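Have a look at the structure below before the remarks.
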Amino acid sequence: MLKTLNRIKIGFIPLSLYIILVLAYLAMTISNIVPENDMLVSLGIMTVFAYLLEEIGKTIPILKDLGGKVLVVTFLPAFLVYKHWLPQSTVTVVSDFMNNNNFLMFFITLLVVGSIASMNRQTLVKATSRIIIILILCDVIGSLIGTGVGILFGLSAWNAYFFIVAPIMAGGVGEGAMPLSIGYAAILSGMGQNDIFGKILPCVMLGSLVAVLLSGMLKKIGEKYPQLNGQGNLIDGDDEHLENLKGSAKPVNIEKTLLAGVVAITIYFVAVYVEHLLKSLLGFSIPSPVILLVSLMGAKMLGFIPKNIEEGGNSLYGFTVRGITPPLLFGVGVAKTDWLELIEVFKNPATIVTIIVTVVAIVATAFIAAKFLKMYPVDTAIAVSCCSGQGGTGALAILAAGDRMELMPFAQVAVRLGGAMTVTFAIFLMGLLS
């Protein structure tokens, strides 16, 4: 009996162990003794739900081929919270953990360091420069097509671009929708920042959902047409890197893995300090995630990352993707996805169509441009589509739906750089037209 149970797995967890975990969770919840501010309890609860929901998402017809496991793990918890069908102790513990510990940044830092550290230098230089060109094209074409469709469906050009299209491409919530709303409020005398933020946030959330669905579709296209599929690579020449990231037969060296982890923490420390220093000396700051990404990419391009850290990056990446992604997605659904805000946008068909067309235009532009730049269209489109997600949370869901977590460094370029370009241009243009 035990052997039979152990052959069945929920995620990577043997069913016998999973049953014990669930029973312990239920006992604590029913007895109302769930500890607050307890990291192990928070991670345990996230594990209980995340891998089960992931298995459910894999079995739903049609949806399973469109990133179903990501949609179920992320958006079903948001619905359950909205309906009050999750125990309040669970919602409180998971929300406190996600909001107070910056767990998402921990995940992205490990993933970016693990991926970039083991990447081919020449590939990194070529791919990054080409991604920037594609981002500019996507910003221009996505803006024109999205605004044009909005006008066709009865929206004014002003509302279509500034309140739907630009927020979608602004790079998320904290570094996209928020600075947009602040900039708009400074220009528009009749609207407050909170009102503007509440108006554009649903568009950002639905745009992210559309990008997740398109990522799942792109994955299926890549499977059907292998010549379009880099399987996690943007350009030719980095096959060894991908083989390592996807799970090679090489034994894991614990010391090298830990060393890569310490490198990740060290670079983050430096990024936080530089952000503070810039703000103190110059009166403005560059977000620490951007500093981390740029400094790490620069170090890799200049050959400053030693071989042992490159090797440790492979296993650090594997651990992060396999062990952290599903629980983190569940946490995002519980703590950072407001179901009411998501469904608010469905009240206006013209807005829905404009959002969908804008994201499709971004993905199609990236797909086509990639062919001209000798990149893999499927992988390039998935990475670039992250600029229309909810920042780091959106990039996580989009890449997971497309099974392209190794593209997180380029997704961060799309989110941070693409978002910054859109925010800057939109605020400048509104000021010019007001």
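Residue by residue through the range 168-180, note down the ones that are over 18 Å from Pro349 (Cβ atoms) and buried (at least 20 other Cβ atoms within 10 Å of the Cβ).
Met169, Ala170, Gly171, Gly172, Val173, Glu175, Gly176, Ala177, Leu180
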How many of the residues making up the range 36-54 are in contact (Cβ under 8 Å) with a residue 40 or more places away in the chain and surrounded by 15 or more Cβ atoms within 10 Å (Cβ to Cβ)? 12
From the options Ile267, Ile286, residue that is modelled with pLDDT of 85 or more, open to solvent by 30 Å² or more (accessible area, probe 1.4 Å) and of a type in the set (A, V, I, L, M): Ile267
Whether any residue in the range 328-350 is touching a Ser or Thr at 6+ places or on another chain (Cβ under 8 Å), in a loop (DSSP other than H, G, I, E, B) and more than 21 Å from Glu406 (Cα to Cα) is what I want to check. yes
Consider the range 14-27. How many of its residues are within 18 Å of Gly331 (Cβ to Cβ) and open to solvent by 50 Å² or more (accessible area, probe 1.4 Å)? 1
Going through (1) open to solvent by 30 Å² or more (accessible area, probe 1.4 Å); (2) modelled with pLDDT of 80 or more; (3) within 23 Å of Met297 (Cβ to Cβ) one by one, Ile235 fails only at (1)
Which of the residues belonging to the range 114-132 are under 14 Å from Phe367 (Cβ atoms) and hydrophobic (A, V, I, L, M, F, W, C)? Ile131
Would you be able to tell me the number of residues in the range 76-128 that are of a type in the set (A, V, I, L, M, F, W, C) and open to solvent by 50 Å² or more (accessible area, probe 1.4 Å)? 5
Test of understanding: among Leu155, Leu144, which residue is closer than 19 Å to Val359 by Cβ and open to solvent by 60 Å² or more (accessible area, probe 1.4 Å)? Leu144
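Would you say Ala260 is part of a helix (DSSP H, G or I) and either at pLDDT below 90 or open to solvent by less than 70 Å² (accessible area, probe 1.4 Å) (or both)?
Criteria met by Ala260.
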Answer yes if at least one residue in the range 66-73 is more than 30 Å from Ala264 (Cβ to Cβ), at pLDDT below 90, of a type outside the set (Gly, Ala, Ser) and in contact with a Gly (Cβ under 9 Å, 6 or more places away or on another chain), and no otherwise. yes
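Which residue, of Ala383, Ala411, Ala397, Ala369, is at pLDDT 85 or above and touching a Ser or Thr at 6+ places or on another chain (Cβ under 7 Å)?
Ala397
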Within the range 289-310, track down each residue that is open to solvent by less than 70 Å² (accessible area, probe 1.4 Å) and either farther than 24 Å from Ser129 by Cα or polar (S, T, N, Q) (or both). Ser295, Asn308, Ile309
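Looking only at the range 186-223, which residues are of a type in the set (Ser, Thr, Tyr) and open to solvent by 30 Å² or more (accessible area, probe 1.4 Å)?
Scanning the range 186-223 gives a single hit, Ser189.
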Any idea which residue in the range 15-34 is nearest to Val93 (Cα to Cα), counting only those that are in contact (Cβ under 8 Å) with a residue 40 or more places away in the chain and in a loop (DSSP other than H, G, I, E, B)? Val34
Please identify the pairs in which a residue from the range 144-165 that is aromatic (Phe, Trp, Tyr) has its Cβ atom under 7 Å from the Cβ atom of a residue that is surrounded by fewer than 21 Cβ atoms within 10 Å (Cβ to Cβ), counting only partners at least 6 apart or on another chain. Phe153/Ala350; Phe153/Val353; Phe162/Met430; Phe163/Lys199
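The values are calculated or read from the model by the stated rules, or taken from the named source; none is laboratory data. Predicted model only: the values in this text are computed from it and were never measured. Counting neighbours? That spans all protein chains shown, and the Cβs are built from the backbone with ideal geometry, glycine included. With ligands, DNA and RNA removed, areas are computed over all heavy atoms of the protein, side chains included. Shrake-Rupley method; radii C 1.70, N 1.55, O 1.52, S 1.80 Å.
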